[in-house]
Every structure is written in C-alpha cells, then in structure tokens.
Amino acid sequence: MTLLNKAISEAFLEAEKAKEEGEIPVGAVIFSDTEIIAKAHNLREQKKSPTAHAEILAIEEAAKKVSDWRLNDLSIVVTLEPCVMCAGAIMNSRLKNVYFAAYDPDAGAFGGNMDVSEGKCNICGGIFKEKAEDLISGFFKEKRKDEE
C-alpha cells in the first residue's frame with residue numbers, strides 16, 4: 001500500500017470518527033514521502049468553533065510536530081474538497097499537494113464552486129469520490145430523519 005493510499009484510508013477513518021461524534025464527516029491527513037505527520041476530523045460542534053475544520057486542525061497538529069508553520073514538501077488528503085478558509089490555510093502553510101475525495105459544489109475552493117489555488121499547490125480532486133459522497137449524504141439523511 002502506498003503512503004497516499006494509507007493517508008486516504010486514515011482520512012476516511014477520521015471522517016467516520018467525526019460522524020460518530022455527530023460532526024459532518026470530514027477527515028484530513030497530512031503526510032510526507034515517508035510518514036503520516038498529522039490527522040484530524042471536524043470538531044466544529046464539539047469546540048463550538050467555526051474554524052475547527054479537519055484541515056485546519058491537521059495543519060495545526062502538523063506545524064507543532066515539525067516545529068514550523070511552513071509545511072513545505074508535505075501533502076494533505078481530505079475526504080471533502082476544502083472550503084475557502086481551509087484552502088487559504090493550505091496555501092499559507094505551503095502544503096505542496098492537495099488530494100481530496102468529493103467535490104463540494106456549494107463551498108469547494110479548489111474547483112467545485114471556485115478555484116483559489118492560483119497554481120500555488122498541486123490539486124487532485126475526485127479520488128474515492130463515490131465513497132466520500134455516500135458517507136456525507138448518508139450523514140445528512142440520518143440527520144434529517146432524526147429531526148423529523
């Protein structure tokens with residue numbers, strides 16, 4: 001199994017954790033060529049914070065681990081296309097590659113709704129798209145059912 005595939009698997013495990021905790025099921029993993037550096041999932045409801053997205057939390061953990069805000073030569077994989085806030089954090093932290101599963105036509109900032117990348121990082125979207133879409137749509141179906 002390549003490290004990218006391992007990172008994708010870990011991102012989906014993080015997304016499942018988010019779902020179990022009542023959070024929108026999004027997971028993110030930051031990795032190098034040789035190891036996983038950081039992983040996180042959405043915690044907006046728990047932290048009561050609009051910025052507690054999986055990507056932001058993973059970036060913060062990675063920066064602590066490497067003792068630098070510059071995450072040069074690292075990559076991130078996310079189960080849902082990053083929003084504008086997360087895309088800005090990804091570019092500002094200088095992550096080299098961005099891989100994501102499902103496009104977000106409402107809020108995606110790397111091609112789903114808009115593209116803010118301006119060539120500052122390599123983008124690869126749509127990997128394991130169906131799996132991510134099923135996870136997210138299933139979460140919202142359950143949520144609507146519970147609200148009835």
Legend entry - Meets criteria (surrounded by 16 or more Cβ atoms within 10 Å (Cβ to Cβ), outside any strand (DSSP E or B) and either hydroxyl-bearing (Ser, Thr, Tyr) or in contact with a strand residue (DSSP E or B) (Cβ under 6 Å, 6 or more places away or on another chain) (or both)) for ALA132: yes
Inset, instruction - List the helices (runs of 4 or more DSSP H) that sit entirely inside segment 2-102 and contain at least 2 residues that are open to solvent by less than 30 Å² (accessible area, probe 1.4 Å) and of a type in the set (Val, Ile, Thr). - result: 54-66
Inset, instruction - Give segment 135-148 a look and list any residue that's among the aromatic types (Phe, Trp, Tyr) and exposed (fewer than 11 other Cβ atoms within 10 Å of the Cβ), or say none. - result: none
Inset, instruction - Determine whether segment 110-121 contains at least one residue that is closer than 21 Å to LEU4 by Cα and of a type in the set (Phe, Trp, Tyr). - result: yes
Inset, instruction - Check GLY108 against each of (1) part of a helix (DSSP H, G or I); (2) open to solvent by less than 90 Å² (accessible area, probe 1.4 Å); (3) not β-branched (Val, Ile, Thr) and name the one condition it does not meet. - result: (1)
Inset, instruction - Answer yes or no: is there a residue in segment 32-43 that is farther than 17 Å from ALA7 by Cα, of a type outside the set (S, T, N, Q) and over 16 Å from the mean Cα position of the chain (by Cα). - result: no
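The values are calculated or read from the model by the stated rules, or taken from the named source; none is laboratory data. All values reported here derive from a predicted model rather than from experimental measurement. Here Cβ is always computed from backbone atoms with ideal geometry, including for glycine, and neighbour counts include all displayed protein chains. The area values use the complete protein model at the heavy-atom level, side chains included, leaving out ligands, DNA and RNA. Shrake-Rupley method; radii C 1.70, N 1.55, O 1.52, S 1.80 Å.
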